[in-house]
Amino acid sequence: MEFSIVSSISNNSLRFSSLEPEYVTVDLSGVVSASVRVCTYTDENGISNWLNKLASFSKPWKSVIEWQSLESQFSISATCSSLGEVRLSFQLSDMHGHPEEWHVTSSILTDFGQLPVLAKQAERFFNHART
């Protein structure tokens, strides 16, 4: 089972898969590709909760809303324009402190109306794999 967020304007996508206790794999594909195994030890439902928070807004919001994994392998933030264009900006990184440490930063655009759908898909993914 997996869960994906797909851009509304390009072939960029962010895929969550291989859920296991305390870890999930996050893959970026599109213009650039990267993959990282993300530790969710202290916040196994963090991404799902973050998307549920975004989906709870009845109209576009003004602030930046962020989530970051415990070991900083994955961080994501959301902003929303007054027209309902949601920009999800994220960074994948690994090998922190190593001479070959790496970081990939990208964004995906989606529509405000898609947030409840994405939140349900994330909740299904994160809850299903753990039951």
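Things to note:
- Some residue of the stretch 78-92 being surrounded by 13 or more Cβ atoms within 10 Å (Cβ to Cβ), closer than 25 Å to S33 by Cα, modelled with pLDDT of 95 or more and basic (K, R): yes
- T110 being without any contact (Cβ under 8 Å) to a residue 60 or more places away in the chain, farther than 21 Å from S18 by Cα and among the β-branched types (V, I, T): no
- Verdict on S82 being within 14 Å of the chain's Cα centre (by Cα) and of a type in the set (S, T, Y): no
- Screening the stretch 105-130 for residues that are surrounded by fewer than 17 Cβ atoms within 10 Å (Cβ to Cβ) and in contact with a Ser or Thr (Cβ under 7 Å, 6 or more places away or on another chain) and picking the one that is farthest from S8 (Cα to Cα) gives S107.
The values are calculated or read from the model by the stated rules, or taken from the named source; none is laboratory data. Everything numeric here is computed off the predicted structure, so don't read it as measured data. We place every Cβ from the backbone using ideal geometry, glycine too, and count neighbours over all the protein chains shown.
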